[in-house]
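*Asks:* Following this message is one structure expressed as structure tokens.
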Amino acid sequence: SSRPLLDRLKIRLSRLFQMNMVGESSESNGKVHRKVGLVYDETMCKHDTPDGEAHPERPDRIRVIWEKLQLAGVTQRCVVLSGTKAEDAHLQLVHTKDHVNLVKSSTNKKDYQSDRVASLVNSIYLNGSTSEAAYLAAGSVVAVTEKVAKGELDSGFAIVRPPGHHAEADEAMGFCFFNNVAVAASYLLDERPDLGVKKILVVDWDVHHGNGTQKMFWEDPRVLVFSVHRHEDGGFYPGGDDGSYNMVGEGPGEGFNINVPWEQGRCGDADYLAAWDHILIPVAKEFNPDIILLSAGFDAAIGDPLGGCRVTPYGYSVMLKKLMEFAQGKIVMALEGGYNLDSIAKSSLACVQVLLEDNPIQGSSEAIPFMSTWRVIQAVRKRLCAYWPSLADELPSKLTNQKTPTPIVLTSNSNSEAKDNAHELLDQMSKLNIENHQGDTKVSRSWRSDLSKVDVWYASFGSNMWKPRFLCYIQGGQVEGMTKPCVGSMDKSPPKGITWGTYPNRLFFGRESTNVWGKGGVAFTNPLTNPNDQTHMCLYRITLEQFNDVLFQENGLNVDFASPIFGLTALQLVEKNGSTPLEADLAPWYGNVVCLGREGDVPILTMTCTLSVIEKFASGEVPLSPPAKAYANTLIRGLVEGGIFSEEEAEAYIDNAASKPLYINGASRF
């Protein structure tokens, strides 16, 4: 491949530009320009799945960031650094010697899996370049951190992979091998006292708790570790109590570990900035760090298939800007998570522009935090106020009593490559659940109780037309042709009624493969179509709670969410408007609920992709694909056993839908 050579040439060109255009001066027209270091090395892209399987922690994560920065012209204004391999002695400041040796020898996948971390291989993968990439990631963070501490750079961004904040002293986990940020912090404190760094603030805004970083500085008052993350009472990865706000450190480090554990997903700019303004910023003023190391995971970004939160590039830029008021702006960002390629690229660019102190941040946010956010913030302040007096005052009730409903509908239908593959990505992350905590997830029953009292007709046009297949979504299990079983609904009661109907929708088959059926397209409908197009649907009378669980499973999600994806407000909207797009980050495949009318005063609902995705199918951006035989057979059995067609007629019906052009706004496209 010429890609590595091309990237090396781009880096050299960037450096030549810096020498010719920037020179030795950091001033231009009287304005002081900040020296921002960027670390990127294409070698880290060689760490990939050994069999080419889809995985959220993929090489393109850092490629798209680098390309975005280049296109925006910011790399030419930064100091571009190649990767630097870590030294074993520096890695062993936080990791055991055995662990370092284990990763070093991990080019042999079988040897690695035979070791004590074999139970964790679902959250990591290895190939012949894994060890080199891990050494480069850790060493690059150390190198740029040292340059910032020396004053050679004002700040820096290490665009590295694999990430690090989950890695513990003797364990690789959560896509992480070495704890890059922890290695850099320990290097400054223990190996370079001459640089005068005595206090380090580690800020981790990755959506997952930085369990490894927390443990490494558990008793160290020189390092204040702040992590804001989805926790859901230990039900969100990495699970357990480690991410609780009660985990404050021990011994001399007591009070120097701060966790802000969100009770739910969907937290956005307003929630994160509230945590900044009422916890992190007051404590940072008291702590007065010499340097800030930022575990910059962008998986809390809007559209991330694993995070389920809603932070925008604007939100990240404001959070970073607030941190630049400390340590003379000496901040080193180290990439952690982030699996929506569009989001991580845009968010990274927004942050680098802040480091460069570009024009004032553009954007605004009129949203207010969730009630649960204020509940968490108040609990954290109460727990930590004994160590940080700035947290002792009660927050004004006028502030904390602001009410915002849990949003149900998003009008954004952005569909990045990551969301297009959300089934596979979510399945990968579901494997990360630590076995001991799989049964600990606490699910809110309040919404389920309300929605269990409301009946709807679920109109199925795909494999669910065959009752045994549909019952997999209700009672769990799998039928012939499925590659994996369904978990089923929380309420496993069978449908209260079954009937059939024909509706003016255009049936078509799209996507190249799915996580459940393998290769081949699956069924979607276009509700805005020629009235002559008719689609046969099997209607199941189920509760709105069960309909949500079907939606969860159709979109590759677990059914243990603390809130519904389609609630009572959404039901009212869909009956009024005819269709309702769902949250793009939660429903990347079947993200549009359509009301087809009523049957016996009970609304008839079906689910398909959003109109913007239909346009992508029509344009060829997302492929149209005929169904695989096993999948098609379920449709045939449903149509035949439902008395709609003979077997030959059912086959012709499906063949016609799979081969007929897809019409958009009166124009046919293939």
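*Asks:* For the condition in contact (Cβ under 8 Å) with a residue 40 or more places away in the chain and more than 21 Å from the chain's Cα centre (by Cα), what is the one hit in T514, T543, T502? Let's see the steps before the verdict.
*Replies:* Values: T514 fails: more than 21 Å from the chain's Cα centre (by Cα); T502 fails: in contact (Cβ under 8 Å) with a residue 40 or more places away in the chain.
Unique residue meeting the criteria: T543.
*Asks:* Hey, another quick one. Which one is surrounded by the fewest Cβ atoms within 10 Å (Cβ to Cβ), of the residues in the range 122-132 that are of a type in the set (S, T, N, Q) and under 16 Å from A54 (Cβ atoms)? Full working, then the answer.
*Replies:* Taking the range 122-132 and keeping what is of a type in the set (S, T, N, Q), we get 122-123, 127, 129-131.
Now drop any that are not under 16 Å from A54 (Cβ atoms), which leaves 122-123, 127.
Values: N122: 13, S123: 22, N127: 16.
Residue satisfying both the conditions and the ranking: N122.
*Asks:* Within the range 226-245, count every residue that is part of a loop (DSSP other than H, G, I, E, B), closer than 15 Å to A379 by Cβ and in contact (Cβ under 8 Å) with a residue 60 or more places away in the chain.
*Replies:* Total meeting the criteria: 1.
Here's the yes/no breakdown for (1) of a type outside the set (D, E, K, R); (2) more than 24 Å from the chain's Cα centre (by Cα); (3) modelled with pLDDT of 95 or more; (4) open to solvent by 30 Å² or more (accessible area, probe 1.4 Å):
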position: V32; (1), (2), (3), (4): yes, yes, no, yes
position: G37; (1), (2), (3), (4): yes, yes, yes, no
position: T49; (1), (2), (3), (4): yes, no, no, no
position: H55; (1), (2), (3), (4): yes, no, no, no
position: R58; (1), (2), (3), (4): no, no, no, yes
position: I62; (1), (2), (3), (4): yes, no, yes, no
position: L69; (1), (2), (3), (4): yes, no, yes, no
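*Asks:* Go through the range 505-515 and count every residue that is out of contact with any His (no Cβ under 8 Å at 6 or more places or on another chain), surrounded by 15 or more Cβ atoms within 10 Å (Cβ to Cβ) and at negative phi.
*Replies:* 7
*Asks:* Same structure, new question: Looking at V141, V117, which is the one that is at pLDDT 95 or above and surrounded by 16 or more Cβ atoms within 10 Å (Cβ to Cβ)?
*Replies:* Within the list V141, V117, the selection yields V141.
*Asks:* Can you tell me which residue among G196, G255 is open to solvent by 10 Å² or more (accessible area, probe 1.4 Å), at pLDDT 95 or above and on the phi > 0 side of the Ramachandran plot? Give the derivation first.
*Replies:* Working: G255 fails: open to solvent by 10 Å² or more (accessible area, probe 1.4 Å).
After applying the criteria, what remains is G196.
*Asks:* I would also like to ask the following. Does V148 satisfy the condition of being in contact (Cβ under 8 Å) with a residue 60 or more places away in the chain, within 20 Å of the chain's Cα centre (by Cα), outside any loop (DSSP other than H, G, I, E, B) and closer than 28 Å to Q353 by Cα?
*Replies:* Details: in contact (Cβ under 8 Å) with a residue 60 or more places away in the chain: yes; within 20 Å of the chain's Cα centre (by Cα): no; outside any loop (DSSP other than H, G, I, E, B): yes; closer than 28 Å to Q353 by Cα: yes.
Criteria not met by V148.
*Asks:* Here is a follow-up. Show me the helices (runs of 4 or more DSSP H) entirely contained within the range 567-656 in which 1 or more residues are modelled with pLDDT under 90 and closer than 20 Å to V522 by Cβ. I'd like the intermediate steps shown before the answer.
*Replies:* Values: elements: 568-577, 611-619, 629-641.
Fully inside the range 567-656 and qualifying: 611-619.
*Asks:* Check the range 475-488 and report whether any residue there is of a type outside the set (A, V, I, L, M) and part of a helix (DSSP H, G or I).
*Replies:* The initial filter retains those residues of the range 475-488 that are of a type outside the set (A, V, I, L, M), namely 475-478, 480-481, 483-486, 488.
Add one more test, that the residue is part of a helix (DSSP H, G or I), and what stays is 475.
Yes, because at least one residue in the range 475-488 is of a type outside the set (A, V, I, L, M) and part of a helix (DSSP H, G or I).
*Asks:* Can you tell me how many residues in the range 530-560 are assigned to a strand (DSSP E or B) and of a type in the set (A, V, I, L, M)?
*Replies:* Looking only at that region, the number is 3.
*Asks:* Then there's this: Go through the range 379-406 and report how many residues are in contact with a helix residue (DSSP H, G or I) (Cβ under 7 Å, 6 or more places away or on another chain) and either farther than 30 Å from T569 by Cα or modelled with pLDDT of 90 or more (or both).
*Replies:* So the count comes out to 8.
*Asks:* Let me ask something additional. Among the strands (runs of 3 or more DSSP E) contained in the range 246-358, which hold 1 or more residues that are among the hydrophobic types (A, V, I, L, M, F, W, C), in contact (Cβ under 8 Å) with a residue 12 or more places away in the chain and farther than 26 Å from W374 by Cβ?
*Replies:* Details: elements: 257-262, 291-296, 331-335.
Where strands (runs of 3 or more DSSP E) fall fully within the range 246-358 and carry at least 1 residues being among the hydrophobic types (A, V, I, L, M, F, W, C), in contact (Cβ under 8 Å) with a residue 12 or more places away in the chain and farther than 26 Å from W374 by Cβ, they are 291-296, 331-335.
*Asks:* Residue check: is D427 under 23 Å from H229 (Cβ atoms), acidic (D, E) and either part of a helix (DSSP H, G or I) or modelled with pLDDT of 50 or more (or both)?
*Replies:* Working: under 23 Å from H229 (Cβ atoms): yes; acidic (D, E): yes; either part of a helix (DSSP H, G or I) or modelled with pLDDT of 50 or more (or both): yes.
Against the criterion (under 23 Å from H229 (Cβ atoms), acidic (D, E) and either part of a helix (DSSP H, G or I) or modelled with pLDDT of 50 or more (or both)), D427 qualifies.
*Asks:* Name the single residue that is nearest to A562 (Cα to Cα) among those in the range 305-348 being β-branched (V, I, T) and open to solvent by less than 20 Å² (accessible area, probe 1.4 Å). Give the steps one after another, and end with the answer.
*Replies:* Here is the first cut: in the range 305-348, the residues β-branched (V, I, T) are 311-312, 318, 331-332, 344.
Now restrict to residues that are open to solvent by less than 20 Å² (accessible area, probe 1.4 Å): 311, 331-332, 344.
Working: V311: 19, I331: 36, V332: 35, I344: 26 Å.
Once the filter is applied, the top-ranked residue is V311.
*Asks:* I'm checking my understanding of the structure. Among residues of the range 92-114 that are more than 30 Å from E67 (Cβ to Cβ) and among the aliphatic types (A, V, I, L, M), which one is modelled with the lowest pLDDT?
*Replies:* Only one residue tops the list, namely L102.
*Asks:* Take Y135 and decide whether it is open to solvent by 10 Å² or more (accessible area, probe 1.4 Å), in a loop (DSSP other than H, G, I, E, B) and either modelled with pLDDT under 95 or touching a Lys or Arg at 6+ places or on another chain (Cβ under 6 Å) (or both). Even if it seems obvious, please write down each step before you answer.
*Replies:* Numbers: open to solvent by 10 Å² or more (accessible area, probe 1.4 Å): yes; in a loop (DSSP other than H, G, I, E, B): no; either modelled with pLDDT under 95 or touching a Lys or Arg at 6+ places or on another chain (Cβ under 6 Å) (or both): yes.
So Y135 does not fit the description; no.
*Asks:* Go through the range 215-225 and report how many residues are closer than 16 Å to L280 by Cα and touching a residue at least 40 places away in the same chain (Cβ under 8 Å).
*Replies:* Within the range 215-225, residues that are closer than 16 Å to L280 by Cα and touching a residue at least 40 places away in the same chain (Cβ under 8 Å) number 1.
*Asks:* Every residue in the range 370-397 that is among the hydroxyl-bearing types (S, T, Y), open to solvent by 20 Å² or more (accessible area, probe 1.4 Å) and part of a helix (DSSP H, G or I), please. Before you say what the answer is, go through the steps one by one.
*Replies:* If we filter the range 370-397 for residues that are among the hydroxyl-bearing types (S, T, Y), which is where we start, we get 372-373, 387, 390, 397.
With open to solvent by 20 Å² or more (accessible area, probe 1.4 Å) added as a condition, the list becomes 387, 390, 397.
Answer for the range 370-397, where residues must be among the hydroxyl-bearing types (S, T, Y), open to solvent by 20 Å² or more (accessible area, probe 1.4 Å) and part of a helix (DSSP H, G or I): S390, S397.
*Asks:* What's the number of the condition W457 fails, among (1) out of contact with any Cys (no Cβ under 9 Å at 6 or more places or on another chain); (2) modelled with pLDDT under 95?
*Replies:* W457 satisfies all of (1) out of contact with any Cys (no Cβ under 9 Å at 6 or more places or on another chain); (2) modelled with pLDDT under 95 except (2).
*Asks:* So, in the range 273-304, exactly how many residues are open to solvent by less than 10 Å² (accessible area, probe 1.4 Å), within 22 Å of F561 (Cα to Cα) and among the hydrophobic types (A, V, I, L, M, F, W, C)?
*Replies:* Here the count works out to 3.
*Asks:* While we're here: In the range 542-578, how many are surrounded by 19 or more Cβ atoms within 10 Å (Cβ to Cβ) and within 25 Å of W466 (Cα to Cα)?
*Replies:* Looking only at that region, the number is 19.
*Asks:* G521: in contact (Cβ under 8 Å) with a residue 60 or more places away in the chain and small (G, A, S), yes or no? Outline the logic, then answer.
*Replies:* Details: in contact (Cβ under 8 Å) with a residue 60 or more places away in the chain: yes; small (G, A, S): yes.
Judged against the criteria, G521 is a match.
*Asks:* In the range 471-485, what count of residues is obtained for those that are closer than 17 Å to G556 by Cβ, of a type outside the set (F, W, Y) and either open to solvent by less than 60 Å² (accessible area, probe 1.4 Å) or modelled with pLDDT under 90 (or both)?
*Replies:* Looking only at that region, the number is 6.
The values are calculated or read from the model by the stated rules, or taken from the named source; none is laboratory data. Computed from a predicted model, the values in this text were never measured in an experiment. When we count neighbours, we look across all protein chains shown, and the Cβ atoms used for this are built from the backbone with ideal geometry, even at glycine. Surface accessibility is based on the protein's heavy atoms, side chains included, excluding ligands, DNA and RNA. Shrake-Rupley method; radii C 1.70, N 1.55, O 1.52, S 1.80 Å.
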